[in-house]
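**Q** Mind having a look at this structure? Questions to follow.
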Amino acid sequence: MRIDGRDYRTIWLDDDGRRVNVIDQTRLPHRLETCTLSNSTDAARAIADMIVRGAPLIGVTGAYGLALAVASNASDAAIDAAYAQLLATRPTASNLRWALDRLRSVLARAPVGERRSIAYAQASAIAEEDVAACAAIGDHGAGIIEEIFARKGRRLNILTHCNAGWLATVDWGTALAPIYKAVRAGVDLHVWVDETRPRNQGASLTAFELLGEGVPHTVIADNTGGHLMQHGLVDMCIVGSDRTTRAGDVCNKIGTYLKALAARDNDVPFYAALPTSTIDWRISDGVRDIPIEQRSAREVTHIIGRAADGAIVEVQLTPDGSAARNDAFDVTPARLVTGIITERGVCAASAEGLRALHPDLAD
Ligand code: MRU
């Protein structure tokens, strides 16, 4: 997708065919910088420090991280060590385990001498599949937006939370892909962008993306959505997911659940858009079974931004001595989700709905 009129992806192989380049998302929106990952420890650090983030991109980075490990040592022991190191970086998103498992099982069957080329080919295949899946999610989701637009016959207001755009994937995004495709199809729409405390992925990343694509948008404080819905100013909510259960519970960035509650109270349709690699078919009860990442309290007590002189600075919000807690995700129960959009189409957020659309994956 576009930044200043130029097309980018979030992750790509270096010209040397070995190292991996990523956009450093901790520097956005104020600086566009890239970062080169030279080994699996670099990849693990990039995920843990959120240089890359977003469930699908975490998965692809994990896959390239394992390929980087294989490039220096293709033994079973080295692969197992890198697998464990990468898997431990972020516990909530399914895509990381999904990608690492896929790579490891292919490598386990391959002769040691061929593992390096196989690992890179697999990681690149996962990246390309992610692009195709997100583009298909965009097409399916755009259909929903076009239908609402035709029914209402006026500019639509769509609310999104966190960043589930192209920066969270390799390209296109999940929740934002339908918006990009609908805009390209001529739908007149405007996006309410939840700032998404504590790390502000909405204010910094979603706003940056929408600006790059020329999509009208307004950043709002996280607490504003319910009020806007009460006043008829939201026609649809669409979010991404880090892990979705086989019963349709959607785990996503902290605060998503509150938006879904407000949406239900105001009859606003609430959709989750996600590639099938996000679905954890092993579990049904998201509140009980999804591990919620606990991040540093400093992300709550401090905030990072650009000062008047252009310097990127961190300032403290809270008094010295106050405790802070930082749950990174929450779970929206399936009953509050109007529908799930995957690369296969749109289905009900229920065990039956997900199984009917993905019979080969569900069993
Ligand atoms: O903590 P983050 O920034 O990785 O959280 C990202 C989200 O919550 C996204 O909504 C989710 O990963 C879906 S991304 C297409």
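The values are calculated or read from the model by the stated rules, or taken from the named source; none is laboratory data. None of these values were measured; they are calculated from a predicted model. Virtual Cβ from ideal backbone geometry, glycine too; neighbours counted across all protein chains shown. Note: areas computed on protein heavy atoms with side chains; ligands, DNA, RNA excluded. Shrake-Rupley method; radii C 1.70, N 1.55, O 1.52, S 1.80 Å.
**Q** What does DSSP give for the stretch 106-248 in terms of the percent of beta bridges that are antiparallel, rounded to the nearest 5?
**A** Details: 1 of 12 bridges.
So the antiparallel bridges in the stretch 106-248 amount to around 10 percent.
**Q** Ignoring any ligand, DNA or RNA, what whole percent of the accessible area of the stretch 139-362 comes from carbon and sulfur when the probe is 1.4 angstrom?
**A** So the carbon and sulfur contribution to the accessible surface is 52 percent.
**Q** What ranking of Asp309, Asp194, Asp42 comes out by heavy-atom accessible area, probe 1.4 Å, highest first? Please list the in-between numbers first.
**A** Values: Asp309 125, Asp194 0, Asp42 40 Å².
Correct descending sequence by accessible area is Asp309, Asp42, Asp194.
**Q** When the gyration tensor of the stretch 1-92 is built from Cα positions, what are the square roots of 5 times its three eigenvalues, in whole Å, from largest to smallest?
**A** Computed over the stretch 1-92, the values are 24, 15, 10 Å.
**Q** Using each residue's phi in the stretch 66-82, evaluate 6.51 cos²θ - 1.76 cosθ + 1.60 at θ = phi - 60° and report the 3J(HN,Hα) Karplus result to the nearest Hz, with x for Gly and Pro.
**A** Calculated HN-Hα couplings, in order: 5, 5, 4, 5, 5, 4, 9, 7, 9, 6, 4, 5, 5, 5, 4, 5, 5 Hz.
**Q** Another question, then. For Lys181, give me every one of the lysines with a C-alpha distance below 22 angstrom, ignoring sequence neighbours fewer than eight places off in its own chain.
**A** Straight-line reach from Lys181, under 22 Å: Lys152.
**Q** If amide hydrogens are placed 1.01 Å from N in the peptide plane, which non-local residues have theirs closer than 5 Å to the one on His190?
**A** Placed amide hydrogens put Leu156, Asn157, Ile158 under 5 Å from His190.
**Q** Normalised by the empirical 2.2 N^0.38 Å for globular proteins, what value does the Cα Rg of the chain take?
**A** On the way: Rg = 19.8 Å, N = 363, 2.2 N^0.38 = 20.7 Å.
Taking the Cα Rg and dividing by 2.2 N^0.38 Å, one obtains 0.96.
**Q** Under a 1.4 Å probe, what is the accessible area of the stretch 191-243 per residue, stated in Å²?
**A** Spelled out: the 1.4 Å probe surface of the stretch 191-243, per residue, equals 32 Å².
**Q** Between Gln316 and Asp14, what is the label-point separation in nm under the 7 Å Cα-to-beta-carbon projection?
**A** About 3.9 nm separates the two model spin labels.
**Q** Now for a separate question. Where the centre of each part is set by its Cα atoms, how far does the stretch 36-53 sit from the stretch 147-211, in angstrom?
**A** 26
**Q** If you don't mind, another one. What is the set of long-range amide H partners of His302 at a cut-off below 5 Å, with H atoms built 1.01 Å from backbone N?
**A** Long-range HN contacts for His302: Leu317.
**Q** Given a cut-off of under 8 Å on Cα pairs at least six residues apart, what relative contact order in percent is computed for the stretch 293-363?
**A** Result for the stretch 293-363 is 23 percent.
**Q** Here is a further query. For the chain, find the longest principal axis of its Cα atoms and tell me its angle to the long axis of helix 94-108, 0 to 90°, nearest 10.
**A** Between helix and principal axis, roughly 20 degrees.
**Q** Tell me, what is the 1.4 Å probe accessible area of Ile290, in Å² to the nearest 10?
**A** 10
**Q** With contacts defined as alpha carbon pairs under 8 Å and 6 or more residues apart, what's the relative contact order of the stretch 139-362 in percent?
**A** 20
**Q** Additional query: Expressed in nm to one decimal, what extension gain is obtained for the pair Asp76 and Ala323 from 0.36 nm per residue of sequence separation less their Cα-Cα distance?
**A** Stretched out fully, the Asp76 to Ala323 stretch lengthens by 84.6 nm.
**Q** How large is the accessible surface of Val239 in square angstrom, using a 1.4 angstrom probe and rounding to the nearest 10?
**A** 0
**Q** Share of antiparallel DSSP beta bridges in the stretch 139-362, in percent to the nearest 5?
**A** For the stretch 139-362, the DSSP antiparallel bridge percentage is about 45.
**Q** Okay, next question. Ordering Arg264, Arg2 by accessible area with a probe of 1.4 Å, largest first, what comes out?
**A** Sorted by accessible area, descending: Arg264, Arg2.
**Q** Determine the order of Tyr257, Tyr83 by accessible area, beginning with the largest, at a probe radius of 1.4 Å.
**A** Details: Tyr257 75, Tyr83 20 Å².
Ranked list, largest accessible area first: Tyr257, Tyr83.
**Q** Heavy-atom accessible area of Ile118 with all protein chains present, probe 1.4 Å, nearest 10 Å²?
**A** 50
**Q** Right, here's the next one. What list of ³J(HN,Hα) values in whole Hz, one per residue of the stretch 337-342 in order, does the Karplus curve 6.51 cos²θ - 1.76 cosθ + 1.60 (θ = phi - 60°) give from phi, with Gly and Pro shown as x?
**A** 9, 5, x, 10, 10, 10
**Q** Sticking with this structure for a sec: What is the distance in Å between the Cα centres of the stretch 273-330 and the stretch 77-92?
**A** Measuring centre to centre over Cα atoms gives 21 Å.
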